[in-house]
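Below is one structure; the comments refer to it alone.
Readers should treat all values here as calculations from the given coordinates under stated rules, not as data from a laboratory. Quick caveat: nothing in here was measured; it's all calculated off a predicted structure. Cβ placement follows ideal geometry from the backbone for every residue including glycine, while neighbour counts extend to all protein chains displayed.
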Amino acid sequence: MKLLKTAPVVLAGALLLAACGQEEKKVVTFENHIDQASYGVGLNIGRQLSQEGVEMNSDAVAAGIKDALANAEQRLDDETIKAAFEKIREEQTRKQQALNDAASQASTDYLAENAKKDGVTATDSGLQYEVMTAVEGDGAKPTPENVVRVHYHGTLIDGTVFDSSVERGDPAQFPLNGVIPGWTEGLQLMKVGEKFKFTIPADLAYGARSPSPKIPANSALVFEVELLEIVQES
């Protein structure tokens, strides 16, 4: 969990933010670069805390900042503060585990249902694929040593888009042995010019270690991938 690691840094940075400790209803101005930079620090701190997904008392945060800036005696001892952070960490761990378990079960159910659809093929590893655009005849297929150029559109099983070269209008290029196992396996099934839809189990994607807040841990992922070119051997 990030909170316990980042909280000391966040609170240290928060000492720069005098505006949070202003008396109620006092008008805050942004007339010079100090004011403007101070506001930017406040935004960054607020965004970071918000991303943690932890409930915070903004008045208490402001009180801590004000006391630190004034070199006033702290109102809570370090042991109490440490215990409070530990309790928050435990609560967040429980919540995250529940979310991970839910994502894992939803992915398992989705894969089971998806495998029943016409046109969907499952490999021995559990990877599922559907040919959206086929190329007739013989054609080049990449090997793990190849660098490939592709367009892709990635979603969660509920359709939420987490990454898309299609939406960016900029194809991706990478060595095939440098991506998630589901991609390494799946693209070797494709000929240049073909477009497949892959449904990738979590253990062939990112598993329990999500690379992004947009992708819950233990999530199956859905990719529509078009193989544009086999660029070279890596």
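Here are the numbers for this structure:
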| read-out | value |
| --- | --- |
| Angle in degrees between helix 78-114 and the longest Cα principal axis of the chain, rounded to the nearest 10 | 20 |
| Separation of the Lys117 and Ser58 label points, Cα + 7 Å toward Cβ, nm | 4.3 |
| Student exercise, the chain dipole from Lys, Arg, Asp, Glu Cβ charges, in Debye to nearest 20 | 260 |
| Rounded to whole Hz, the Karplus (6.51, -1.76, 1.60) HN-Hα couplings of region 138-144, x for glycine and proline | 6, x, 5, 10, x, 10, x |
| Distance between modelled label sites at Thr160 and Glu136, nm, 7 Å Cα→Cβ extension | 4.3 |
| Taking the C-alpha atoms of the chain, convex hull volume expressed per residue in Å³ | 179 |
| Listed pairs Lys141/Lys195; Lys116/Lys195; Lys117/Lys197; Lys116/Lys197 exceeding 18 Å between Cα atoms | Lys116/Lys195 |
| Sequence-distant residues sharing a close amide H with Met132 (under 5 Å, placed H) | Lys195, Phe196, Lys197 |
| Summed residue charge, Cβ within 15 Å of Leu228's Cβ, Lys/Arg positive, Asp/Glu negative | 0 |
| Under 13 Å, Cβ to Cβ, from Pro181 - net charge with Lys/Arg +1 and Asp/Glu -1 | -3 |
| Cα-based radius of gyration of region 110-233 once divided by 2.2 N^0.38 Å, which approximates compact folds | 1.00 |
| Using a Förster distance of 35 Å, the FRET efficiency for Asp77-Gln51 (Cβ separation, nearest 0.05) | 0.80 |
| Region 186-200 - phi-based ³J(HN,Hα) in whole Hz, Karplus 6.51/-1.76/1.60, Gly and Pro as x | x, 5, 5, 7, 9, 9, 4, x, 8, 10, 10, 10, 10, 10, 10 |
